[in-house]
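Beneath this line is the structure, given in structure tokens, with notes to follow.
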Amino acid sequence: MTWPRSSRPARRSLNQDLIVDTALELLGKGDLESVSMRRVAQELGTGAASLYAHVANKDELHELMLDRLLGTIPVPTPDPARWEEQLREVARAQLSVLTSYPGIARVGMETTVPTGPSALRHGEGILALLRAGGLPDRVAALAFDTLALWCAAFAVEVSAARSGEIDPDEVTRRSEQIGAYVSQRAAEFPNLLTLGPTLGATPPQERFEFGLNVFLAGLAASKP
């Protein structure tokens, strides 16, 4: 007698791409701390030990996740007539990707320079845009580093606020405390008293755009 086969789908062949895909799915539902080798293995219906043939440890997994996401950011073919706007578009896209996955921006801040294949292609594309703008090589190199750090740092702040890591009630309480302290010492803190409300009332996206505008204006002014 021939017994019917199980209706369960066949297990997918384990490989690094599948592990990273699964990790990103988990990250999209939670936070970076929840993406562990054990948790990914559970999602794949296997043991954590089987993952180590493809990924060394959790830190490498997180770096692979960041590399995958950097590869989704489109970098246009350099146009010397539009290099500033092209950089602006890439920076916005990078911020969008990094804030779409809670905590992933920290990976780039806490590790050495990302050196995965997608990160390298991303960096190559941005450097090409900077050089297309006619910037001196040293300026282009340092501008690339500055832009990457700016986007990552801002993404860390935005992601923390969105995920609840930063308690808005606590922020309000601290702001009120600082406001009261500064008001009582107006002669000592005249600038904070005058400009502090502007800082507190300006939304993150506007602050990001302001920094980006200043950065690009500085680059344009550095052209020979």
### Message
Taking the number of other C-beta atoms within 10 Å as the exposure measure, put 173, 68 in order starting with the fewest.
### Response
173, 68
### Query
Could you give the length gained on full extension between residue 16 and residue 169, defined as 0.36 nm per residue of separation minus the Cα-Cα distance, in nm?
51.0 nm
### Query
When the Kirkwood radius is taken over all Cα pairs of region 67-221, what Stokes-Einstein diffusion coefficient follows at 20 °C and 1.002 mPa s, in µm²/s?
123
### Task
Rounded to the nearest 500, what is the 222 nm mean residue ellipticity of the chain from helices alone, with -39500 (n - 2.57) per DSSP H run of 4+ residues and division by all residues?
-22000 deg cm²/dmol
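Calculate, in nm to one decimal, what residue 92 and residue 110 gain on full extension: separation in residues at 0.36 nm each, minus their alpha carbon distance. Present the calculation step by step, with values, prior to reporting the outcome.
Numbers: separation 18, 0.36 × 18 = 6.48 nm, distance 2.16 nm.
Additional length available on full extension: 4.3 nm.
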### Query
Across region 192-199, in residue order, what do the Karplus-derived ³J(HN,Hα) couplings come to in whole Hz, using 6.51 cos²θ - 1.76 cosθ + 1.60 with θ = phi - 60° and x for Gly and Pro?
5, 5, 7, 9, x, x, 5, 4
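From the Cα gyration tensor of region 13-55, with a ≥ b ≥ c the square roots of its eigenvalues, which class applies: rounded if a/c is under 1.5, or else prolate if a/b is larger than b/c, or else oblate?
Prolate shape, in that a/c is at least 1.5 and a/b is the bigger ratio.
Every number here is computed from the coordinates shown, using simple stated rules; none is lab data. Everything quoted here is computed from the prediction, not taken from an experiment. So basically every Cβ, Gly included, is an ideal-geometry build from the backbone, and we count neighbours across all protein chains shown.
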